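In what follows, a structure is listed as structure tokens, so that the remarks can point back to it.
The values are calculated or read from the model by the stated rules, or taken from the named source; none is laboratory data. No experiment lies behind these values; they were computed from the predicted model shown. Cβ: placed from backbone, ideal geometry, glycine included. Neighbour counts: every protein chain shown.
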Amino acid sequence: MRMLLNKFKTLTFSILFIVMVTSCNTKDKNKATIKNSQKAPSQNVISAVIDSINSEINNGDYGLIDRFMVIQNDELLADYKYEQDYEAIVQKYDTTNHQYNFNSTDWHPYYKQTELHTLQSVTKSITSILFGIALDLNEDYNVDNKALPLLNGYDIDFRDKRKQNISIEDLLTMRSGLQWNEETDHNDTTNDCFRLESSDNWIEYVLSKPMDTIPGTRFVYNGGGTVLLGKIIRTITGKRIDDWAEEKLFEPLGITEYYWKETPDGEIDTEGGLYLKAEDLAKIGLLFLNKGKWNGKQIVSESWVTTSTRHLLKNVKPQWRSVTGYGYQWWIPEYTDNGKTNIYSANGYGGQYLMIAVEHNLIILFNGWNINDEPEKSTYSALQDRIIPALKNK
């Protein structure tokens, strides 16, 4: 478990943002302003939509939102920070201080009163990036490798040939074939994610699950598969994923503070345990928009970025999400029949969204914490239903 303790420095993106903004919160209804002298035509259009969304957030239409950022053409168009009194909000729930109790304000949505915000399953997309870097630097491995030989040392019955045939790509695309239920409420004791996070040995819990289908044939949302990916990174690189991330991703991007939950068996929670500042999460979006490059240096290969965000699986229909596509731990909410990805996103429980619209060179970021009540509107639809239509109609 690691939290870098370097003094907080005023954050500047390595890619220069020409347009500066002011922040606001729910207590003062001031608008973030874009300097008119710098506005491109598309920014004139988008600013009205941004103002409207911000107004609706302040009005409570989107529930509990902590941050809303918009970046286009490497320029920060808007950055709103909203203050919520979570200490008061969660009083009617169990607030036991435990890292997997989502109503414990020591842990959620911010880590111990810092600016580090829980990312939940956005962690999966970052795990995928780290896996891509591991494969880029270790040519002896690829996504076709079988997973079990890279997961030695566990007292599990591996005689089922279907389990023996699970590939790395099957884990990346959530087609492992393992029997898994993660679509019920997170506090449901039959939910495999709940059981995983309550277990003492996460790797053994996942590996002990029986098979219910042939690997590579059916999408089933499965955070346990991402836990296995984190362990496989350790096998390939010889480093625990938090150390690998610090060396190969965070340090090159100038991410100096983070927190990553450690599991009881000494591994790292790669399915939902990472905390970053919103500014640093935005860097991940910029890295991908720039095809894996940062300050002219290739951090992760362009081919990994392209493949990860391609709709390898079409018409994926989890219970809690509309029809969409899926890549390597990235959601693809909009794509064309000829194979073009229009939007891809990293999604996390409670309202963590890093959404990227390639055609418009646009990044939308939301942090929120809607875990107990369903808001009237979802920030997940803001890009697809509000912002992009405005740009197309400009």
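Assorted remarks:
- Yes/no for ASP136 being at negative phi, touching a helix residue (DSSP H, G or I) at 6+ places or on another chain (Cβ under 7 Å) and surrounded by fewer than 17 Cβ atoms within 10 Å (Cβ to Cβ): yes
- Condition check for ARG195: without any contact (Cβ under 8 Å) to a residue 24 or more places away in the chain and either hydroxyl-bearing (Ser, Thr, Tyr) or in a helix (DSSP H, G or I) (or both): yes
- Among the residues of region 166-173, at least one is of a type outside the set (S, T, N, Q), crowded, with 23+ Cβ neighbours inside 10 Å and touching a Leu at 6+ places or on another chain (Cβ under 6 Å).
- Subset of region 354-394 [closer than 16 Å to ARG67 by Cα and buried (at least 23 other Cβ atoms within 10 Å of the Cβ)]: LEU354, MET355, ILE363, ILE364, LEU365, PHE366, ASN367, GLY368, TRP369, THR379, ALA382, LEU383
- Test: residue in region 210-224 that is within 20 Å of LEU312 (Cα to Cα) and in contact with a strand residue (DSSP E or B) (Cβ under 6 Å, 6 or more places away or on another chain): yes
- Options ILE53, ILE15, ILE89: the member that is β-branched (Val, Ile, Thr), under 24 Å from the mean Cα position of the chain (by Cα) and modelled with pLDDT of 95 or more: ILE53
- Residues that are under 19 Å from the mean Cα position of the chain (by Cα) and either at pLDDT 95 or above or within 17 Å of TRP260 (Cβ to Cβ) (or both), drawn from region 197-219: GLU197
- Scanning region 298-351 for residues that are under 17 Å from the mean Cα position of the chain (by Cα), among the polar types (S, T, N, Q) and either at pLDDT below 95 or more than 19 Å from LEU286 (Cα to Cα) (or both) yields a single hit, THR324.
- Selection status of ALA390, more than 20 Å from ILE126 (Cα to Cα) and small (Gly, Ala, Ser): yes
- Residue among SER52, SER121, SER104 that alone is small (Gly, Ala, Ser), surrounded by 15 or more Cβ atoms within 10 Å (Cβ to Cβ) and in contact (Cβ under 8 Å) with a residue 40 or more places away in the chain: SER121
- Residues being of a type outside the set (A, V, I, L, M) and under 30 Å from TYR349 (Cβ atoms) - total across region 152-185: 17
- Qualifying residues in region 263-304 (those that are part of a strand (DSSP E or B) and in contact (Cβ under 8 Å) with a residue 40 or more places away in the chain) - the one nearest to ASP106 (Cα to Cα): TYR275
- Restricting region 263-281 to residues that are acidic (Asp, Glu) and closer than 13 Å to ILE126 by Cα, the residue that is surrounded by the fewest Cβ atoms within 10 Å (Cβ to Cβ): ASP280
- Residue within region 93-102 that is at positive phi and in a loop (DSSP other than H, G, I, E, B) present: no
- Test: residue in region 377-386 that is in a loop (DSSP other than H, G, I, E, B), modelled with pLDDT of 95 or more and not polar (S, T, N, Q): yes
- Test: residue in region 174-181 that is touching a residue at least 12 places away in the same chain (Cβ under 8 Å) and part of a helix (DSSP H, G or I): no
- Region 356-379, residues that are closer than 17 Å to ILE332 by Cβ and touching a residue at least 40 places away in the same chain (Cβ under 8 Å): ILE356, VAL358, HIS360, LEU362, ILE363, ILE364
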